[in-house]
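Nothing in this text is a laboratory measurement; each read-out follows from the coordinates by a stated rule. Since we're looking at a predicted model, the values are computed, not measured. A quick note on method: Cβ atoms are made from the backbone with ideal geometry, for glycine too, and the neighbour counts reach across all protein chains shown.
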Amino acid sequence: MSKIVLCILSISLLLFFIPGIAISAQTMPGWAVLVVDVQTCFVEGGGLAVAGANAQYVKKVNRDTKWLSKKGYLILGSRDYHPPDHISFASNHPGYEPYDVIDLGGGRLQVLWPDHCVQTTGDSRALVDNNLFFELIKKGQDPLWDSYSAFKDDGGAETELEAILNAQEVNNLIVYGIATDYCVKFSVLDALANGHRVIVVENLSRGVATDTTATAIEEMRIAGAEFVANVKAAHKKAKELD
Ligand SMILES: [Zn+2]
């Protein structure tokens, strides 16, 4: 075997074993994946466990996200990352219980949640392989504002997500994660409002409640989101639209 062949083989092996390099080939230009809030707090055993978000679900999200990465998509993620004194925690509003809705003033309604995704407790850890992400966006760090959307919080403060999409020349998003009726929904609606095309993957999304999930899906559809059953269907649609 010649030295050149050996050299090429060595480089190929090196690229294969260094995930950060191996995932950098974006053969789906203009497209990115947004994995919303697949983290400890929202799955079985977490502070705000969502129905059907269990170990099997996490395994499936990891497997399918890796598959999309190999297909050449830029992989992005979001992560709820609250300080202990966050305004959305019922524990910070004496006399109220989780799932109560309060008016914070001026008609600003806030659903109160159990403590979840707390920065100091390890509850906010991401459960998707970190090596897959081009960037993992933290949200909800301001104690005074909730942030269902990965783009901006309820006070209008933007995360770095839109700047990343613009810098990477991404117009089209494949979105899935937790929860369909809150963080997936608001991220999808903001993506559409910013002029992006959005495909939502149904079998990789989980909702807090059946009724609000059905309403959220309808809202996303009306706003222009497309829905597909799984990542293979999402990839097929993306290829068709290209
Ligand atoms: Zn939260």
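Normalised by the empirical 2.2 N^0.38 Å for globular proteins, what value does the Cα Rg of region 164-233 take? Don't jump to the answer; show the numbers that get you there.
Values: Rg = 11.6 Å, N = 70, 2.2 N^0.38 = 11.1 Å.
Expressed relative to 2.2 N^0.38 Å, the Cα Rg reads 1.05.
For a modelled paramagnetic label at LEU241, 7 Å from Cα along Cα-to-Cβ, the residues of region 72-90 in reach, with backbone nitrogen under 20 Å, are 72-78. If R0 is taken as 41 Å, the Cβ-Cβ distance between GLU219 and ALA25 corresponds to a FRET efficiency of 0.70. With 10 Å bins beginning at zero, the pair-distance distribution over Cα atoms of region 91-211 amounts to 11, 40, 37, 12, 1 %.
For LYS59, the lysines whose Cα comes closer than 30 Å to its Cα, not counting residues fewer than 8 places off in the same chain, are LYS70, LYS71, LYS138, LYS139, LYS152, LYS185, LYS232, LYS236, LYS237, LYS239. Taken over region 55-146, the ratio of Cα radius of gyration to 2.2 N^0.38 Å equals 1.34.
Here the alpha carbons of the chain define both size measures, Rg and Dmax, at 19.0, 76 Å. Note on region 69-140 and region 167-201: Cα centroid distance 17 Å, given to the nearest whole angstrom.
Spherically averaged projected area of the convex hull of Cα atoms, region 99-158: 5.2 nm². Helix content alone sets the calculated 222 nm mean residue ellipticity of the chain: runs of n ≥ 4 DSSP H residues at -39500 (n - 2.57) each, divided across all residues, give -9500 deg cm²/dmol. The mean sequence separation of alpha-carbon pairs under 8 Å and at least six residues apart, normalised by the residue count of the chain, gives a relative contact order of 20 percent.
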